[in-house]
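Read through the structure below, which is laid out as structure tokens, and then see the notes.
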Amino acid sequence: MVIAEVLQHTSPELFLSDLKARNKPGVLSELVDKLVAGSPNITKRDAVLQMLESREALGSTAVGPGVAFPHGRTLAVQRLTVLIARSRKGVDFDSVDGEPTHLFFVLIAPPQDSGHKYIKSLAALTEKLQDANLRKTLLAAEDFATFCAALRED
């Protein structure tokens, strides 16, 4: 799956240019609030938050450097939804490298995910974000369109 396909599952309404929360529980809550506000197909806030918290309890989705992929499957959504968020200051998100997390890509999918879009999207983002220059560009992007344009570049 290419990044352009992943970006079909997000929108400007699912973009947080600078998270306000300063800790992991606050970040998860802020991310879910934005998911509910930005996506009409997500209505069960508490179910989504609980699913993300349960996933984080298994091990942090902050795989570094400076990037986290909170994700999971839930009946609270009908289709894959991707939220993108950024923390310019960085947040302690229990990253495996111990460093602050700046970029968050939240993937929420229904249990029955035709074509495995959820796993393929997660893999595509993980691979793409290995690029240090891209991460710097994403942190500096002025808006959603600029952010997505940088992700699409090869």
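In table form, for the structure just shown:
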{"item": "Prolate/oblate/rounded label for the stretch 35-90 (Cα gyration tensor, a/c 1.5)", "result": "oblate"}
{"item": "Ranked by how many other beta carbons lie within 10 Å on average, peptides 81-87, 61-67, 132-138 from highest", "result": "81-87, 61-67, 132-138"}
{"item": "The chain - mean residue ellipticity at 222 nm from DSSP helices (-39,500 (n - 2.57) per run, n ≥ 4, rounded to 500)", "result": "-12000 deg cm²/dmol"}
{"item": "Of the DSSP H helices in the chain, those whose Cα atoms cover at least 15 Å axially and whose Kyte score averages 0.0 or more", "result": "24-38"}
{"item": "Lysine pairs meeting the criterion (Cα under 17 Å, 8 or more apart or interchain), as found in the stretch 22-154", "result": "7"}
{"item": "FRET efficiency for ASP113 and LEU134, using Cβ-Cβ distance with R0 set to 35 Å, rounded to 0.05", "result": "0.85"}
{"item": "Kirkwood Rh (inverse of mean 1/r, distinct Cα pairs), the stretch 3-152, angstrom", "result": "15.1 Å"}
{"item": "Linear extension gain, VAL2 paired with ARG22, 0.36 nm per residue minus alpha-carbon span", "result": "4.0 nm"}
{"item": "Computed lengthening from LEU75 to GLU153, 0.36 nm per intervening residue step minus Cα-Cα distance", "result": "24.7 nm"}
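Quick note: the coordinates plus some simple rules give every number you see, no bench work behind them. Because the structure is predicted, anything quoted here is derived from the model rather than measured. We place every Cβ from the backbone using ideal geometry, glycine too, and count neighbours over all the protein chains shown.
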